[in-house]
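**Student:** Next up is a structure, given as structure tokens.
Every number here is computed from the coordinates shown, using simple stated rules; none is lab data. Just so it is clear, the structure is predicted and the values come from calculations on it, not from any experiment. As a convention, Cβ positions derive from the backbone with ideal geometry for all residues, glycine included, and neighbour counts pool all protein chains shown.
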Amino acid sequence: MLILVLAAAAAVYLLTAWIWPHTACADCSGSGRRFSPTGKNFGPCGHCGGSGKKLRLAARIAGRTDT
Ligand SMILES: [Zn+2]
């Protein structure tokens, strides 16, 4: 029974990951910008390519690919 509940939870988790595959990039807090040490200049975040989005691990498991 416990395994059934866990399997159902995992299925729901992967479904939400499929619908909402992105999370805020931890590197730039989802802003997509990386500020210079002075804080006056910024450029696109290299970690997420400036999108501010990061593909969730669960989304990758669910078969999504990063764009
Ligand atoms: Zn980023």
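**Student:** Averaging sequence separations of C-alpha pairs under 8 Å and six or more residues apart, then dividing by the length of the chain, give the relative contact order as a whole percent.
**Tutor:** 34 percent
**Student:** How large is the dipole of the chain about the Cα centre if only Lys and Arg carry +1 and Asp and Glu carry -1, each at its Cβ, rounded to the nearest 20 debye?
**Tutor:** For the chain, the charge dipole is close to 200 debye.
**Student:** Once phi is turned into θ = phi - 60°, what whole-Hz ³J(HN,Hα) does the Karplus curve with 6.51, -1.76 and 1.60 give for every residue of region 45-59, x standing for Gly and Pro?
**Tutor:** 5, x, 6, 10, x, x, 7, x, 10, 9, 5, 6, 4, 4, 5
**Student:** From zero up to wherever the largest Cα-Cα distance of region 20-60 sits, split into 10 Å bins and tell me the percent of pairs in each.
**Tutor:** 36, 45, 15, 4
**Student:** Continuing with this model, one more query. Within the chain, list the trypsin sites (Lys or Arg not before Pro) lying in a DSSP loop whose Cβ has at most 13 other Cβ atoms in a 10 Å radius. Spell out each step's value before the answer.
**Tutor:** Working: sites: Arg33, Arg34, Lys40, Lys53, Lys54, Arg56, Arg60, Arg64; in loops: Lys40, Arg56, Arg64.
Sparse-neighbourhood loop trypsin sites (Lys or Arg not before Pro): Lys40.
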